[in-house]
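Okay, so here's the structure we're looking at.
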């Protein structure tokens, strides 16, 4: 369900904002590759370490908590999906993204908020929309889009599913069914309204699009 919410955001907005040379920071298994590939001229995939399954699709292996090995203004688009919460020094990454993104380039990102700890021990932060806005503005970005990804219905379903999946024999089936029902509900008019209204105070996560300004960052 969470993956579907994230996919909906990128499927809706990538075609309007992804251009030129794109870098996917913290790309993992590159689940968004098929979403953005047709809209850009070049893709650079970056992550901390080689995949354990042996399918090495990475162009660069580097620590995203340190200066990035790219030239100033090298990219026109940055994808940062479920990564920012894993960065011990997020301010440095924001500064680096501003450096490697060309003026007028776009940053597309999402990050969780009311969500369980994951990829431990490298899960450091949860960012409110005000924190994301502040990081963007401090580094010379103009925020184009900043909205909750999910609200109370998705949060309750996510928490319950993460627990009932361990019920012997039927847990995983129950979790899958509940996720399906919840996703169907929030696609309906009343469900979408409830998700949107509760997402203001109880966001499952956030999706953000920001443009690199033509001025120098502070």
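Taken together, the values in this text are just the output of simple stated rules run on the coordinates, not laboratory data. Note that the structure is a prediction, hence the values are computed from the model and not measured. Cβ: placed from backbone, ideal geometry, glycine included. Neighbour counts: every protein chain shown.
What to note about this one:
- FRET efficiency, residue 185 to residue 214 (Cβ-Cβ, R0 45 Å, nearest 0.05): 0.55
- Site pair residue 173 and residue 131 shows an inter-label distance of 4.1 nm when each label is modelled 7 Å from Cα along Cα→Cβ.
- Ranked 123, 63, criterion: other C-beta atoms within 10 Å, fewest first: 63, 123
- Using a Förster distance of 25 Å, the FRET efficiency for residue 120-residue 56 (Cβ separation, nearest 0.05): 0.55
- Simple spin-label estimate for residue 92 and residue 138 gives 1.5 nm between the two label positions (7 Å along the Cα-to-Cβ direction from each Cα).
- Within a Gaussian network of the chain (alpha carbon springs, distance under 10 Å), most fluctuating of 13, 122, 76: 122
- Between 155, 144, 114, the residue with the greatest mean-square fluctuation in the GNM of the chain (Cα pairs under 10 Å linked by springs) is 144.
- Here the calculated FRET efficiency for residue 156 and residue 71, from their Cβ-Cβ distance with R0 = 45 Å, stands at 0.50, rounded to the nearest 0.05.
- Note on the chain: with a GNM built from Cα contacts shorter than 10 Å, the maximum mean-square fluctuation among 182, 77, 111 falls on 182.
- Rounded to 10°, Cα long-axis angle of helix 152-164 versus longest principal axis of the chain: 70 degrees
- For the chain: relative contact order, % (alpha-carbon pairs under 8 angstrom, 6 or more apart): 21 percent
- By the count of neighbouring beta-carbon atoms within 10 Å, fewest first, 94, 48, 184 end up ordered 184, 48, 94.
- Footprinting exposure proxy ranking of 41, 195, 81, 102, fewest other C-beta atoms within 10 angstrom first, gives 41, 102, 81, 195.
- Separation between Cα centres of segment 132-196 and segment 49-99, rounded to whole Å: 25 Å
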